[in-house]
Each structure stands twice: as C-alpha cells, then as structure tokens.
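Since every read-out is calculated from the coordinates, none of them should be taken as a lab result. Since the structure is predicted, the reported quantities are computational estimates derived from the model, not experimental observations. Glycine also receives a Cβ, built like all others from the backbone with ideal geometry; neighbour counts cover every protein chain displayed.
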Amino acid sequence: MVTDVTDRKRAEQQLKASQEQLSELSRHMESVREEERTRIAREIHDELGQTLVTLKVYLSWLVRRLPQAQEVASEQVKPMYALIDSGIQTVSRLSTELRPGALDDLGLTRAIEWQVNEFRKWTNLEFHVVSRPKHFEADPETVTALFRIAHEAITNVVRHARATRVDITIKKKRSGITMTVSDDGIGITEDQLQNKRAFGLMGMKERARLLAGTVNISGVPGHGTTVEAFIPQRSRESKP
Ligand SMILES: Nc1ncnc2c1ncn2[C@@H]1O[C@H](COP(=O)(O)OP(=O)(O)OP(=O)(O)O)[C@@H](O)[C@H]1O
Ligand SMILES: [Mg+2]
C-alpha cells in the first residue's frame, strides 16, 4: 500500500518533470523559429533585394548604350525590367510575411493595424481594431505571440467564417494583455473545436501557453466565433 502510493507519487513527479521539459523545449523551439524567420527575412530583403536593384541599374546602363539601330534589342529588354520589378516586389512581400518590420518598430496595435490593412487589400471584410490604451509597451515575446495569434485567427475568419465583419480588441491591464478577435460568421462548431488535428487552433493555444497565457475559442452557430487570448504581465525576473 505504502509502496503503491510512493510509486504513484514518483510517477506523477516524473510526468510533471517531463511535461515541464517539453514545455521548455517547445518554448525554445519557438524562439529559435522566430529568430530564424527574422534572419531569413533580413537576408532575403538585404541580399536578394540588393542584387535585383543592382541588376536593374546595370540593365539601364546597358540600354542607354545600345545604338539606335538596335531598337529591336531594346524592345526585348522591356520584359526584363518587368521581371526584375516583380522580383523586387516578391522579395518585399516574402520578407514582410516572414517577419513584419512593423512588429519590431511599431508596437502591437500598430503592427496589427498594419496587418489588418494588408487583409483589407484582398478581402471585402470590414475590420475594426480598438486598443485600450491606444499604444503601450510590451515585451517582444508577448507582442510576437499576440501578433501571430491574431494572424491565425483572422486567416481563419477569411478562410472559414463567411463573415462580413471582424472586431479586434486589445486591452492592456496591469495583470496582462487581453486580445479578442471576433467575427459575425457561421460560428465554429464543438466538433471543430475538439478536433485533434486542428493545428491552427492548437498553435494559437500553444503560443499563449508558452507565456503562461491562455486562448479560449468559442462559437455560436450563425452568430460567429470569438478567439480570446490572454498573456499575463511577465515579471522582470522571468526568463527572456
Ligand atoms: N472563425 C471561424 N469561423 C468558422 N469556422 C472556423 C473558424 N476558425 C476555425 N474554424 C473551423 O475550425 C477548423 C480548424 O481550424 P484550424 O485553424 O485549426 O485549421 P485550418 O484553418 O483548417 O488549417 P490551418 O492548419 O492551415 O490553420 C477549420 O477548418 C474551420 O472548420
Ligand atoms: Mg487555420
């Protein structure tokens, strides 16, 4: 009996320890991934972007020196400009998608407003962003997590909700930051919420959990879906 209890206690402790280890690993992987994205974004932007711009300058130089008789040749060059320009645009889009500069420079609210503007360009959804206070300081890990959660939640609205409107509210309190993304679409179902293969939903929850926060998702059939994320204020002593 006594050994039984001791064995069980030990097993419980081992389980807890391995859960903590997994959690730590997962958090580490996440920060490595984010650093990697930042590095790749910078490299694509600086290296590849610079190469294309230089190529364009050389091409202009060459075209200016083509003799008049070679007009046909200079006509042939035009599509090359178009190709280089589209390459430059792709570079800009890729590097921004990987790690929006807005995230490091503008703070959470402006970064989300920027992201929402990107969505506005290619959807008919009506977006409303409210933040109280309008702008505030937050630690970079929290900002990144909330930004990525908002991105997944909005992408889900665009892809699945058949909504007309999305409301994003951000509230900074002393205890932490709450962010909700709600839509007026068809509403996520209980089955979809319980689905073990809903990696987008799991990803949002995991990001919050790694910072001791939570993500709650709920749906009302025909009335929409709400994703509510909370990340607690981190004490200065806590790990970076
Ligand atoms: N805002 C929403 N409104 C209605 N249904 C939703 C909403 N968000 C998610 N769902 C449903 O929940 C499912 C799971 O979402 P999840 O984000 O995990 O997967 P996904 O978006 O299909 O794929 P991905 O892994 O690319 O994110 C979706 O397939 C969709 O059926
Ligand atoms: Mg998704």
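Taking the DSSP bridge list for the chain and keeping only pairs wholly inside it, about 75 percent are antiparallel. For the peptides 41-51, 127-137, the ranking by packing is 41-51, 127-137, with the highest mean count of neighbouring Cβ atoms within 10 Å listed first. For the chain, modelled as a GNM whose springs connect Cα atoms under 10 angstrom apart, the maximal fluctuation among M202, M80, M179 occurs at M80. Along its principal axes, the stretch 28-105 has C-alpha extents of 63, 21, 15 angstrom, given from the largest down. In a simple Cβ point-charge model (Lys, Arg +1; Asp, Glu -1; nothing else charged), the chain has a dipole of about 340 debye relative to its Cα centre. Projecting the Cα atoms of Q89, V158, V57 onto the charge dipole of the stretch 37-188, computed from C-beta unit charges around the Cα centre, puts V158 farthest toward the positive end. For the chain, the 222 nm mean residue ellipticity estimated from helices alone, with every DSSP H stretch of n ≥ 4 adding -39500 (n - 2.57) and the total spread over all residues, rounds to -19500 deg cm²/dmol.
Along the stretch 18-32 the Karplus relation, 6.51 cos²θ - 1.76 cosθ + 1.60 evaluated at θ = phi - 60°, assigns HN-Hα couplings of 6, 5, 5, 5, 4, 5, 4, 4, 4, 5, 4, 4, 4, 6, 4 Hz to successive residues, with x for each Gly and Pro.
Two numbers describe the Cα atoms of the chain: Rg and Dmax, which are 24.3, 101 Å.
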